[in-house]
Amino acid sequence: MVAIKIQSKEDIIAAYLASLGFSGKNLSSVVSAVSGRLNFHSDNGDELVEKIDDVLLKLAGKTFPDAKLDREQLLAEFKLCFLLCNGASQCSAQEIKDLDMPAELTKAMRRCFVVSAPACSYHEMKPQKIESFHQRKKKK
């Protein structure tokens, strides 16, 4: 297992955004943009990840306004579509900072939105009369 030494909140943000496909110079500029959006002054990494999730949820809400999903499902759907559409190569730091993704990326992400089956619903069924079928007589 690889150990990562975390020195600052920017390290956590960078690791999070790298998992979404950002890399190189684009990664450092997006890290700065996301870091600037966050009002975070704690040493708790889990709380920082929740703050980053909140930023992505705002983007997800704009991208999928009609989605009737829970918070976790919407975030997972956004991340999946973002990765499938290679969103990191299409999004700039300024667009992330303004919470405004390119129109083409938004359209592509909406096209790859995964629609899950509706929830199952169980109802009690009243007993039915069982009819027996008589076997026909064979013709000779």
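Values in this text are rule-based calculations from the coordinates and carry no lab data. Everything quoted here is computed from the prediction, not taken from an experiment. Ideal geometry is used to build each Cβ from the backbone, glycine not excepted, and the neighbour counts take in all protein chains shown.
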What are the residues in region 63-92 that are under 8 Å from the mean Cα position of the chain (by Cα), over 18 Å from Y16 (Cβ atoms) and of a type in the set (D, E, K, R), if any?
none
Which members of region 98-115 meet the condition of being closer than 20 Å to V30 by Cα and in a loop (DSSP other than H, G, I, E, B)?
D98, L99, D100, M101, P102
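Being surrounded by 13 or more Cβ atoms within 10 Å (Cβ to Cβ) and of a type outside the set (S, T, N, Q) is the filter here, so list the residues in region 30-42 that pass it.
V30, V31, A33, V34, R37, L38, F40
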Note on P118: of the conditions (1) part of a loop (DSSP other than H, G, I, E, B); (2) in contact with an Asp or Glu (Cβ under 9 Å, 6 or more places away or on another chain), unmet is (2)
Give region 43-92 a look and list any residue that's of a type in the set (A, V, I, L, M) and either assigned to a loop (DSSP other than H, G, I, E, B) or loosely packed, with under 13 Cβ neighbours inside 10 Å (or both), or say none.
A67, L69
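What about N26, is it more than 14 Å from the chain's Cα centre (by Cα), surrounded by fewer than 16 Cβ atoms within 10 Å (Cβ to Cβ) and over 22 Å from S116 (Cα atoms)?
No; evaluated as a whole, the condition is false for this residue.
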